[in-house]
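These notes are about the structure you will find just below.
The values are calculated or read from the model by the stated rules, or taken from the named source; none is laboratory data. Since the structure is predicted, the reported quantities are computational estimates derived from the model, not experimental observations. Virtual Cβ from ideal backbone geometry, glycine too; neighbours counted across all protein chains shown. Just so you know, the surface numbers come from the protein's heavy atoms only, side chains and all, with ligands and any DNA or RNA stripped out. Shrake-Rupley method; radii C 1.70, N 1.55, O 1.52, S 1.80 Å.
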Amino acid sequence: MSDPRIAILIPGKIHPRVLEKLGKLFDILTVETGRGPTIERETLSRVRGVACAGGLNAAWIDALPNLEVIANFGVGYDGIDVAHAASKGIVVTNTPDVLNDEVADTAIGLLLNTLRQMPRAENWLRAGNWKPGQSFPLSPFSMKGRHVGLFGLGRIGLEIAKRLEPFKVKISYHTRSRHKDVAYDYFPTLKEMAAAVDTIIAIVPKTAHTHRVIDAEILRLLGPDGVLINVGRGWSVDEDALIAALRDGKLGAAGLDVFYDEPVVPEGLLSLPNATLLPHIASASVPTRNAMADLVAENIIQWFTTGRPVTPVPETPPRSKG
Ligand code: NAP
Ligand code: 8YV
């Protein structure tokens, strides 16, 4: 049983199951997103855990002198200043694996929609355009015969690759380290892969090394029949270059679930017919979000009961809690 005097801070909104589960065991403090650490010092000193969906910066970490654990709602934890947390011995946890299937399913759905224009076809039907003698234009692209390059072949990338196999497409990948246990062709650089494939699915984290790496040159290499799908982070794409390539026919189409400055989607993308755009919904089903919420709560509970969180991130391996 946990000590009810331990306070858990929830900055901003979080899934209600996190609040419900943690509220039974801990004292919950909520604070609006974007606010600095304005709570009184005595209250801040009671906070030993944070559960968050929108990240936690160094100022907040420094304002919590007894912070031990930060549990992130999401597998990507780029919103948390993890280097700062690590330097102070604070454990950070995320929600890997429980969302792999959902995100991989969404990636395949987004790819099909981008190639075959199903959302546009449905809108055309609903607008009353389907009349005798009228048919929706043929889609310029097809899944058939594609060569798909996965940029990222981690937990989710592998699930996407497995789902692509029955489509009979050729599958390749680019990561920094080669996988010995897969038969897909490996490319040591993104540029070499872009030159070989006609479709890229990006599923890499937001890091210093992935900033706008999908640039004008990569898009040019994909070519006029080329397709870009991004379900990782908008951070990895040069959106101005993408808009120009789609507009000028240098890239065939793009399907995006993530954007550089969410929830802002550039007007240049909104007005393009060859862009299929989703509001960051890859993991957004009730069952998957429930599983993510349960894992956030379980990470905090396990830290305070056993000293062993379920899914710590590699940068902050938990010390023995003593
Ligand atoms: P993961 O298991 O850590 O896999 C990450 C993959 O990216 C690995 O294959 C890694 O290989 C590769 N990678 C990392 N940095 C790279 C670089 N600089 N160059 C080339 N490859 C690189 O992560 P995951 O669970 O699959 O999740 C991946 C990301 O997807 C998350 O971090 C998150 O940002 C995003 N995501 C988005 C949604 C959504 O709702 N749209 C949902 C879930 C996750 P190497 O280390 O060998 O390079
Ligand atoms: C969530 C995600 O939409 O897990 C991730 O990294 O991007 C998504 O699953 C997001 O984390 C919710 O805050």
*In a shell of Cβ-Cβ distance under 13 Å around T288, excluding T288 itself, what net charge do Lys and Arg (+1) and Asp and Glu (-1) give?*
-4
*Note down the Stokes-Einstein diffusion coefficient of segment 125-276 in µm²/s, whole number, using a Kirkwood radius over alpha carbon pairs, 37 °C, and 0.692 mPa s.*
203 µm²/s
*With the contact rule set at Cα under 8 Å and sequence spacing of 6 or more, what percent relative contact order holds for segment 208-322?*
19 percent
*Quick one: with all protein chains in place, what share of the accessible area of segment 214-322 is carbon or sulfur, to the nearest percent (1.4 Å probe)?*
56 percent
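Summing +1 for each Lys or Arg and -1 for each Asp or Glu, what net charge is found among the other residues whose Cβ lies under 10 Å from the Cβ of F136?
For residues surrounding F136, the net value is 0.
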*asked:* How large are Rg and Dmax for segment 156-211 when calculated on the C-alpha trace, in angstrom?
replied: 11.5, 35
*Any chance you could check the Cα centroid distance between segment 63-82 and segment 226-288 for me, in angstrom?*
27 Å
*In square nanometres and to one decimal, what's the mean projected area of the convex hull around the Cα atoms of segment 55-123?*
6.6 nm²
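Where both residues lie in the chain, what percent of DSSP beta bridges are antiparallel, nearest 5?
Bridges in the chain that DSSP calls antiparallel: roughly 5 percent.
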*Any idea of the accessible area per residue across segment 123-192, 1.4 Å probe, to the nearest Å²?*
66 Å²
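Over the chain, calculate the relative contact order: mean separation of alpha carbon pairs under 8 Å at least 6 apart, over the residue count, as a percent.
Over the chain, the number comes to 18 percent.
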*Enumerate the helices in the chain for which the Kyte-Doolittle hydropathy averages -1.0 or more and the C-alpha atoms extend at least 27 Å along the helix's axis, using complete DSSP H runs.*
286-305
*For S177 paired with I281, estimate the spin-label separation in nm (one decimal), with each label point 7 Å from Cα along the Cα-to-Cβ line.*
3.6 nm
*I301 accessible area, nearest 10 Å², 1.4 Å probe?*
30 Å²
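Largest first, how would Y173, Y260 line up by accessible area (1.4 Å probe)?
So the residues, ranked largest to smallest area, are Y260, Y173.
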*In whole Å and largest first, what semi-axes does the C-alpha gyration tensor of segment 228-277 yield when each eigenvalue is scaled by 5 and square-rooted?*
16, 11, 10
*asked:* Going by amide H atoms built from the backbone, whose H comes under 5 Å of the H on T276, apart from near neighbours?
replied: A254, G255, L256
_Volume per residue of the C-alpha convex hull in segment 1-157, rounded to whole Å³_ = 174 Å³
*Roll a 1.4 Å probe over the protein heavy atoms and report the accessible area of L153 in Å², nearest 10.*
0 Å²
*Neighbourhood net charge (11 Å Cβ-Cβ; Lys/Arg +1, Asp/Glu -1) for R163*: -3
*Sort 176-188, 126-138 for me by packing, meaning the mean count of neighbouring Cβ atoms within 10 Å per residue, highest on top.*
176-188, 126-138
_Between E262 and L125, what is the label-point separation in nm under the 7 Å Cα-to-beta-carbon projection?_
2.9 nm
*Roughly what would the spin-label model give for D27 and A59, points 7 Å off Cα along C-beta, in nm?*
2.5 nm
*Along the charge dipole of segment 159-299, which of Y260, V286, I171 sits closest to the positive end, that is, farthest toward it, with unit charges on the beta carbon of Lys, Arg, Asp and Glu (+1, +1, -1, -1)?*
I171
*Rounded to the nearest 0.05, what FRET efficiency is calculated for A196 and S45 with R0 set to 56 Å and r the Cβ-Cβ distance?*
0.50
*Over all alpha-carbon pairs of the chain, lay out the pair-distance distribution in 20 Å bins, whole %, shortest bin first.*
30, 50, 19, 1
*Where is the GNM fluctuation largest for the chain (alpha-carbon springs, 10 angstrom cutoff): T106, T43, T175?*
T43
_Tensor-based shape of segment 131-183 (alpha-carbon gyration tensor, a/c under 1.5 rounded, otherwise prolate or oblate)_ = prolate
*Between E315 and L270, what length in nm is gained on full extension when 0.36 nm per residue of separation is reduced by their alpha carbon distance?*
12.5 nm
